[in-house]
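Data block below; observations after.
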Amino acid sequence: MTFATLGLIEPLLRALEALGYQTPTPVQAQAIPAVLAGRDLMAAAQTGTGKTAGFAVPLLQRLTMEGPKVTANSVRALILCPTRELAEQVHASVAQYAEHLPLTTYAVYGGVSINPQMMKLCKGVDVLVATPGRLIDLFRQNALKLNQLQTLVLDEADRMLDLGFSEELANIYRMLPKKRQTLLFSATFSDDIRLLAGQMLIDPLSIEVSPRNVAANTVKQWVVPVDKKRKAELFVHLMRKGKWKQVLVFAKTRNGVDALVDKLQGLGINADGIHGDKPQATRQRALDRFKASEVQILVATDVAARGLDIEDLPMVVNFDLPIVAEDYIHRIGRTGRAGNTGEAISLVCADEVNMLSAIEMLTRQTLTRRMEQDFEPEHRVPDTDASGQVVKKPKKPKKPKTSGGGGKRNLGKWVESGEVAAEPSIKPVRKVPVFNTGPRKKK
Ligand code: AMP
């Protein structure tokens, strides 16, 4: 199969050829004809599968072939993304695909001045990529009208819910024309996403190009058990031992990112960090420098690193495990992209055992553990497996009670003795927007 056989027009074929895309990826092969035919889409596609071109290319073709010219302050296609970096990245791809088309494209997001964005929107834009909050701001300030909207894309929809954008999505939903095409892309498909899809889409074509919630199989994954306080030391040790060239490191908190970057820089290691507290320009600069291999180690929180496409990234390290198990899939999806192989190493301490168990259950695999000599943890990480079981250590014989107040231990949390809850209790907290679900006409 070629892109030409999917019915794409010559200017798009030329753009794809210039990018070196020879054959459509599975998600593209399914999505392109469906979007061209005007269908709604619900696509579960792993990150790195080529999903951006899967929605953007046919969308650009429809805009070129159909519909009126864009009018002042209007947009004809809207792509919603969870983070600023992802909005920039998706926009960069859209602009490349649209290079030979008479269409305008633009990206808007928070953290930067709104005025230039308002100015840019004055003449109208064919394809707007936006984060939900800034889109609403622009709409409320009358800088944006959605009555010309033909196609709405929800990219990384699960992440938008995880990041708490459910209210924004519900507000945007009320701003949309009823007659439109809607394409929903999500790396993972939870019940909340299915509910959202039920409200937003009409008779959608379902595409699932990889088994549900299974991590990229081009990525070699393993776990190194370690005590929490020795993680930074272990990281430096592994980095030097493995002669790692370029690594994306995920830490749980903004402070965690800063502390690790300080430590690495203090050792003369070329490291930088990105997280939500840093100004957008600083984040983008760190990312650009990392992409250009001018920075060796980039430490990031999940919010900052979501969906980033970094060519040939060989290694991802989970300095901390993610609180939401599904984020593990997104994180390791930063490597092993577009047919390359990659490695993902997680440094796991005892109090992360429930998170490890939740990840193994979600990805349906028991992650291999490799003990690193001289870093064996004092606080053992209990055994886990893909069934979600955390294997309890045999209990120590009870000491005779000397005073009252002992009572039962709380088994919901990891406690030092090695007793842990049998069930992982990691559940993403999500609110699903409540929409007015009145009938919507199909475009
Ligand atoms: P995405 O999943 O959209 O983030 O795409 C992942 C990477 O695959 C990006 O670097 C794309 O440029 C690249 N890509 C997308 N489609 C193709 C294709 N058909 N052939 C080769 N590379 C592609």
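Descriptive notes on the structure:
- The apolar share of the surface of region 128-212, taken as the fraction of accessible area on carbon and sulfur atoms (1.4 Å probe, ligands and nucleic acids excluded), comes to 45 percent.
- Share of carbon and sulfur in the accessible heavy-atom surface of region 1-119 [1.4 Å probe, %]: 56 percent
- Inter-site label distance for ALA281 and LYS178 at 7 Å from Cα along Cβ, in nm: 4.7 nm
- Region 219-391: C-alpha gyration tensor shape, a/c 1.5 cut-off, then a/b vs b/c: prolate
- In angstrom, the C-alpha Rg and Dmax of region 83-123 are 11.2, 31.
- For region 219-391, DSSP calls about 5 percent of its internal beta bridges antiparallel.
- The shape of region 4-208 can be summarised by an equivalent ellipsoid whose semi-axes, obtained from the alpha carbon gyration tensor, come to 24, 21, 16 Å from longest to shortest.
- Solvent-accessible area per residue, Å², over region 165-278 with all protein chains present [probe radius 1.4 Å]: 44 Å²
- Mean accessible surface per residue for region 45-85, computed with a 1.4 Å probe while every protein chain stays in place, in Å²: 26 Å²
- Sorted peptide list for 271-277, 218-224, criterion being average Cβ within 10 angstrom, highest first: 271-277, 218-224
- Protection proxy ranking for 50-62, 315-327, 253-265, using the average of other Cβ atoms within 10 Å per residue and placing the highest first: 50-62, 315-327, 253-265.
- Once C-alpha pairs closer than 8 Å and six or more residues apart are averaged by separation and normalised to the residue number of region 219-391, the relative contact order reads 31 percent.
- Förster-model FRET efficiency, 30 Å R0, ALA72 and LEU19, C-beta, rounded to 0.05: 0.40
- Three-way shape call for region 30-87 based on the alpha-carbon gyration tensor, with the a/c threshold at 1.5: oblate
- Accessible area of region 328-383 belonging to carbon and sulfur atoms, whole % at 1.4 Å probe: 43 percent
- Centre-to-centre, using Cα atoms only, region 156-194 and region 1-73 are separated by 21 Å.
- For region 4-208, averaging the sequence separation of C-alpha pairs within contact (under 8 Å, six or more residues apart) and dividing by the residue count gives a relative contact order of 30 percent.
The values are calculated or read from the model by the stated rules, or taken from the named source; none is laboratory data. Here the structure is a predicted model, which means the values were calculated and not measured. Because the Cβ atoms are built from the backbone with ideal geometry, glycine has one as well, and the counts that use them run over all protein chains shown. The area values use the complete protein model at the heavy-atom level, side chains included, leaving out ligands, DNA and RNA. Shrake-Rupley method; radii C 1.70, N 1.55, O 1.52, S 1.80 Å.
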